[in-house]
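Below: one structure, written as structure tokens.
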Amino acid sequence: MNGITERQTENTQAAALSGVKPLPVWFFTFEGALAAAFDLCKAWDGAWMVLAVLCAVNILVGLTVLRRRAKLVKAMLKNSRTRKIVFALVALRLGVHGLLAAVGAPVASTAGHLAFGLVMAALTVTLLWFDQRVTFRSLGLAPAHSG
């Protein structure tokens with residue numbers, strides 16, 4: 001019975017997203033910057049101002065340029081795979097910081113925080129782009145070139 005419900009949900013999502021193009025990769029850089037926010041703020045005291053501007057730009061772009069793709073964003077947020085990615089990234093951050101602190105090598109330098117932030121940002125962008133690609137393919141909406 002559960003398999004039937006999942007297929008009906010996928011068919012409903014596919015119908016709702018039939019004319020929607022995938023989000024461009026550059027859009028996920030906003031989320032990547034937010035994933036790196038903790039380390040960026042530790043590395044540079046003024047980073048919170050830049051992150052606040054990025055949040056405002058993200059909202060503005062979402063409400064204007066990518067307005068027609070709002071259904072896609074909502075579908076991705078409802079997707080359990082997307083939520084798993086978010087929780088896995090949070091767990092990875094906490095786990096690595098905790099593990100490094102436990103072995104006596106916490107990330108304390110500016111360079112260490114920048115490097116850690118860049119890795120988290122890259123992982124976030126890559127995983128969200130991949131999740132979108134898998135979602136489109138599973139719904140039978142895979143475009144010829146998504147980028």
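Side notes on the structure shown:
- Qualifying position, being assigned to a helix (DSSP H, G or I), surrounded by 15 or more Cβ atoms within 10 Å (Cβ to Cβ) and at negative phi, among 118, 94, 77, 100: 100
- Residue that is modelled with the lowest pLDDT, among those in region 18-40 that are part of a loop (DSSP other than H, G, I, E, B) and under 16 Å from residue 74 (Cα atoms): 18
- Residue list for region 42-59, restricted to those being open to solvent by 100 Å² or more (accessible area, probe 1.4 Å) and among the β-branched types (Val, Ile, Thr): 59
- From the options 141, 89, 123, residue that is within 20 Å of residue 69 (Cβ to Cβ), in contact with a helix residue (DSSP H, G or I) (Cβ under 8 Å, 6 or more places away or on another chain) and surrounded by 13 or more Cβ atoms within 10 Å (Cβ to Cβ): 141
- Of all residues in region 103-115, those satisfying the criterion of being closer than 20 Å to residue 45 by Cα, among the hydrophobic types (A, V, I, L, M, F, W, C) and open to solvent by 60 Å² or more (accessible area, probe 1.4 Å) are 108, 111, 114.
This table checks each residue for (1) more than 14 Å from the chain's Cα centre (by Cα); (2) more than 19 Å from residue 35 (Cα to Cα).
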residue: 77; (1), (2): no, no
residue: 81; (1), (2): no, no
residue: 84; (1), (2): no, no
residue: 89; (1), (2): no, no
residue: 102; (1), (2): yes, yes
residue: 113; (1), (2): yes, no
residue: 121; (1), (2): no, no
residue: 125; (1), (2): no, no
residue: 133; (1), (2): no, yes
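- One residue stands out among those in region 60-74 that are among the β-branched types (Val, Ile, Thr) and under 19 Å from residue 128 (Cα atoms): the one that is most open to solvent (accessible area, probe 1.4 Å), which is 73.
- Some residue of region 37-59 being under 15 Å from the mean Cα position of the chain (by Cα) and closer than 13 Å to residue 120 by Cβ: yes
- Among the residues making up region 43-74, those that are of a type in the set (Gly, Ala, Ser) and either modelled with pLDDT under 75 or in a helix (DSSP H, G or I) (or both) are 43, 47, 52, 56, 62, 70.
- Filter pass, residue 46 being more than 20 Å from residue 118 (Cβ to Cβ) and not acidic (Asp, Glu): no
The values are calculated or read from the model by the stated rules, or taken from the named source; none is laboratory data. Every value quoted in this text rests on a predicted model; they were computed, and no experiment measured them. Counting neighbours? That spans all protein chains shown, and the Cβs are built from the backbone with ideal geometry, glycine included. Note: accessible area is taken over every heavy atom of the protein model, side chains too, but ligands, DNA and RNA are not part of it. Shrake-Rupley method; radii C 1.70, N 1.55, O 1.52, S 1.80 Å.
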